[in-house]
Amino acid sequence: MPRALIALAVGAFAIGCTEFVVIGLLPQIGDGLHATVPAMGILITAYAIGVMIGAPAMTALSSRFSTRQTLIGLMGLFIVGNTLSAFAPNYRVLMGARVITALAHGSFFGVGAIVARRAVAPEKATQAISLMFLGLTISNVIGVPAATWIGQQIGWRYVFGGIAALGVVTVVALRAWVPDDDIRMDMKAELGAFRRKQVWLGLAITTIGFGAFFAMYSYIAPILTDLAGIGENSVTLVLVLFGVGTTVGALVGGRLGDRYGLRLVGFGLFLEVVILAAFTVTSHNAVAATATLMLFGVVGFGLGPVVQNRIIESAGTDGSMVSAVNQGAFNVANAIGAAAGAYVIRAGYGLTGPMWVGAVLAAAGCVLVVVTIVTDRRRAVRLASPRVLVEA
């Protein structure tokens, strides 16, 4: 594996830790800053908003720099944000620090995907992206549980300090292993990519299709405790097993994605419909619920790198901007899925309601994939017609 991918995976691991660790440490952070639980929950929303804003904004600001310089600069911002979080004297400062940290998130993954593609042969592009995202999945298996335990034992401020140190390690790895180049982003061309129908279809697949994942996963803790009858102390173990599933999915999806492309995404979203429908039944048994959740993790996380690579290929340019915007689309999917899940729960459909919401969103995403494939074929036929060849 090219060492550049290791550097990117380390950065992804650090970002995954800082994004999700707040969920497990909300009570400790709230007590330390004398903030209510609802107020602490806004930290999660603020981070998501920061990612959505930062993904295109930070990518645009990096147009005068090389990709390595951009990645190092983004990780520097990440270090600043986590350091401020570690020393935050009050809730407002922590809120600002979390937004600063989030600004680097989307652009790092967006630009990192471009660097990952350059590090390998074209036919292994999706696999390279999946190896970068592997750091994110491993953070859910090892990093977040470990950081949560450390925060509970010695204090949450040490966790943010440790994550900032991971950022420093990432900077060292990026400088050592990511080759520098003179490639600069052509902002006019990058913005012009958004005139392409294929780009918008790809973003729609991310926003709608991946909303299925977040519709269910946002409520996984009460589903496991209230429906499956799993004790609160065992939920962490189940989530670790889910993380193992996502790691396997990222690896398998990367390999199969280079071969099957959008067809794999369509098949995967169809499988999600089946799995989520089955989960409405298996969620009432601890063993069956755990097995179903692991399978859902394998399928759900196996599709992300494929869609990311598809977005970049559709741009017709370097793809840095559309790649970053797609990261923002993942956060929009998070918001849509979680909000829709909350709506059906409040409407009285219970904890199985989010599963049906997820099934509907996955089905809609599957339809979008079919539309995209048909559009691609029509475009290929049009470009191959004699009239087009003469005009060319």
## Note on the structure
At R0 = 51 Å the Cβ-Cβ FRET efficiency linking Ala380 and Ala291, nearest 0.05, sits at 0.80
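Grab the Cα-Cα distance for Arg195 and Tyr349, subtract it from 0.36 nm times how many residues apart they are, and report the gain in nm with one decimal.
On the way: separation 154, 0.36 × 154 = 55.44 nm, distance 4.06 nm.
Full extension of this stretch gives 51.4 nm more.
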### Query
Going toward the positive end of the dipole of the range 1-183, with +1 on Lys and Arg Cβ and -1 on Asp and Glu Cβ, which of Ile29, Ile53, Ala146 do you reach last?
Ile53
### Message
Counting only trypsin sites (Lys or Arg not before Pro) that sit in a DSSP loop (anything but H, G, I, E, B) with at most 16 other Cβ atoms within 10 Å, what is the longest stretch of the chain containing none of them?
### Response
197-392
### Query
Once both labels are modelled 7 Å past Cα along the beta-carbon direction, what's the Ala146-Ala277 spacing in nm?
4.1
### Task
With a point put 7 Å past each Cα toward its Cβ, work out how far Val248 is from Arg3 in nm, to one decimal.
3.3
### Query
In a GNM of the chain with a 10 Å cut-off on Cα contacts, which of Val265, Val51, Val235 has the highest mean-square fluctuation?
Val235
### Summary
Membrane-span-like helices (DSSP H runs, Cα span along own axis at least 24 Å, mean Kyte-Doolittle at least 0.5) in the chain -> 3-33, 37-61, 67-87, 91-118, 156-177, 232-260, 262-282, 286-315, 320-344, 353-384
### Query
Classify the chain: rounded, prolate or oblate, from the alpha-carbon gyration tensor (a ≥ b ≥ c, eigenvalue square roots; a/c under 1.5 rounded; otherwise prolate if a/b is larger than b/c)?
oblate
### Task
Might you report the magnitude of the Cβ-based charge dipole of the chain about its Cα centre, with Lys and Arg at +1 and Asp and Glu at -1, to the nearest 20 debye?
900
### Query
How big is the charge dipole of the range 1-183 about its Cα centre, in debye rounded to the nearest 20, if each Lys and Arg gets +1 on its Cβ and each Asp and Glu gets -1 on its Cβ?
120
### Summary
Once both label points are put 7 Å beyond Cα along the C-beta direction, the His34-Leu241 separation in nm becomes 4.4
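Any read-out appearing in this document is the output of simple, stated calculations on the displayed coordinates, not a laboratory observation. Everything numeric in this text was worked out from a predicted model, so none of it was measured. Using ideal geometry, Cβ is built from the backbone for each residue, glycine included, and neighbour counts are taken over all protein chains shown.
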